[in-house]
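Please read the structure below before turning to the comments.
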Amino acid sequence: MLKGNFEDVENKINLACKRAGRKRSEVTLVAVSKTKPVEMIREIYGCGQKNFGENKPQEMRDKYDELPSDIRWHMIGHLQRNKVKYVVGRACLIHSVDSVRLAKAVSTEAVKKQCQVPILIEVNVSGEESKFGVSVEDTCTMIREISDYPNIHVEGLMTIAPFVEDPEDNRPVFRKLHQLGVDIKAKNINNVNMCILSMGMTNDYEVAIEEGATMVRVGTGIFGARNYTGSTPNK
């Protein structure tokens with residue numbers, strides 16, 4: 001079943017890329033494996049998938065030690081400053097940096113561990129009070145403030161769109177994040193790239209690709225429904 005799910009998602013990504021006139025290589029699929037056992041991750045890994053996303057730092061740490069070393073782990077969930085130590089040195093990309101204080105904590109830990117950490121700024125494009133993320137209006141100011149922090153590198157933006165019945169309803173959200181990335185890139189801020197747009201989940205990743213996503217985070221579409229005990233159902 002999992003292999004069939006994975007192949008179905010891959011097919012939909014390919015079709016979305018064709019509709020948008022994009023190459024498949026322009027979009028990275030992050031398989032959201034939060035709450036899922038290592039056996040299921042190994043099955044998807046066996047299909048050729050190398051990028052996996054986790055919400056909880058300790059869960060990432062434990063899976064990191066159990067699974068193949070060439071897996072690229074993505075921290076996609078809300079990250080508390082006291083949990084940064086579990087993520088830095090393990091995650092290839094932190095998608096959810098949503099404050100100057102968190103960026104500072106990541107930088108401090110990266111210096112301590114003598115490693116470089118690519119990060120994305122989480123933007124609350126929809127303005128929903130239930131979601132984390134910096135506002136669209138404050139994003140550039142935050143990026144300028146953290147751009148010179150040692151050992152971290154801003155590589156782009158991430159957003160979590162509202163859960164909607166019709167994926168088309170989220171097209172304006174994705175379009176707005178894409179435009180924000182274009183605007184920030186034009187400012188040529190030191191140590192800041194806008195090469196990654198992480199947006200789109202199981203319900204709406206095809207629309208996100210059509211609007212410029214370079215990373216999509218798909219969990220349920222690959223692994224099926226997950227147990228949300230103690231977790232936030234936001235991927």
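What follows draws every value from the coordinates through simple rules; no lab data is involved. Keep in mind that what you see is a predicted model, and the values were worked out from it rather than measured. Positions of Cβ are backbone-derived with ideal geometry, glycine not excepted, and every protein chain shown enters the neighbour counts.
A few comments on the model shown:
- Of the residues contained in the stretch 137-148, one or more are found to be surrounded by fewer than 17 Cβ atoms within 10 Å (Cβ to Cβ), within 20 Å of the chain's Cα centre (by Cα) and among the hydroxyl-bearing types (Ser, Thr, Tyr).
- Contact map, the stretch 186-209: first residue more than 19 Å from residue 118 (Cβ to Cβ) and without any contact (Cβ under 8 Å) to a residue 60 or more places away in the chain, second residue in a loop (DSSP other than H, G, I, E, B) and not acidic (Asp, Glu), Cβ cut-off under 6 Å, separation 6 or more or different chains; pairs are 200/213; 208/199; 208/200.
- Test: residue in the stretch 93-108 that is touching a Pro at 6+ places or on another chain (Cβ under 9 Å) and not polar (S, T, N, Q): yes
- Matching residues in the stretch 64-73 - criterion: being under 19 Å from residue 117 (Cβ atoms) and in contact with a helix residue (DSSP H, G or I) (Cβ under 8 Å, 6 or more places away or on another chain): 71, 73
- Among the conditions (1) within 21 Å of residue 212 (Cβ to Cβ); (2) touching a helix residue (DSSP H, G or I) at 6+ places or on another chain (Cβ under 8 Å); (3) among the charged types (D, E, K, R), the only one that residue 131 does not satisfy is (2).
- Leading residue by the ranking (surrounded by the most Cβ atoms within 10 Å (Cβ to Cβ)) among those in the stretch 199-217 that are in a loop (DSSP other than H, G, I, E, B) and acidic (Asp, Glu): 204
- Every pair of residues 6+ apart whose Cβ atoms lie under 7 Å, when the first sits in the stretch 128-151 and is on the phi > 0 side of the Ramachandran plot and without any contact (Cβ under 8 Å) to a residue 60 or more places away in the chain while the second is in a helix (DSSP H, G or I) and buried (at least 18 other Cβ atoms within 10 Å of the Cβ): 151/107; 151/110
- Checked against the criterion of being aliphatic (A, V, I, L, M) and touching a Lys or Arg at 6+ places or on another chain (Cβ under 6 Å), the stretch 140-156 has no qualifying residue.
- Residues in the stretch 157-173 that are in contact with a strand residue (DSSP E or B) (Cβ under 6 Å, 6 or more places away or on another chain) and either assigned to a loop (DSSP other than H, G, I, E, B) or surrounded by fewer than 24 Cβ atoms within 10 Å (Cβ to Cβ) (or both): 159 alone.
- Residue satisfying all of: in the stretch 78-111; under 16 Å from residue 62 (Cα atoms) and among the small types (Gly, Ala, Ser); surrounded by the most Cβ atoms within 10 Å (Cβ to Cβ) among these: 91
- Residue in the stretch 178-187 that is assigned to a helix (DSSP H, G or I) and under 16 Å from the mean Cα position of the chain (by Cα) present: yes
- Looking across 39, 59, 43, 66, one residue alone is without any contact (Cβ under 8 Å) to a residue 40 or more places away in the chain, surrounded by 15 or more Cβ atoms within 10 Å (Cβ to Cβ) and among the charged types (D, E, K, R). It is 59.
- Residues of the stretch 11-28 satisfying the condition of being crowded, with 21+ Cβ neighbours inside 10 Å and either in contact with an Asp or Glu (Cβ under 7 Å, 6 or more places away or on another chain) or not hydrophobic (A, V, I, L, M, F, W, C) (or both): 16
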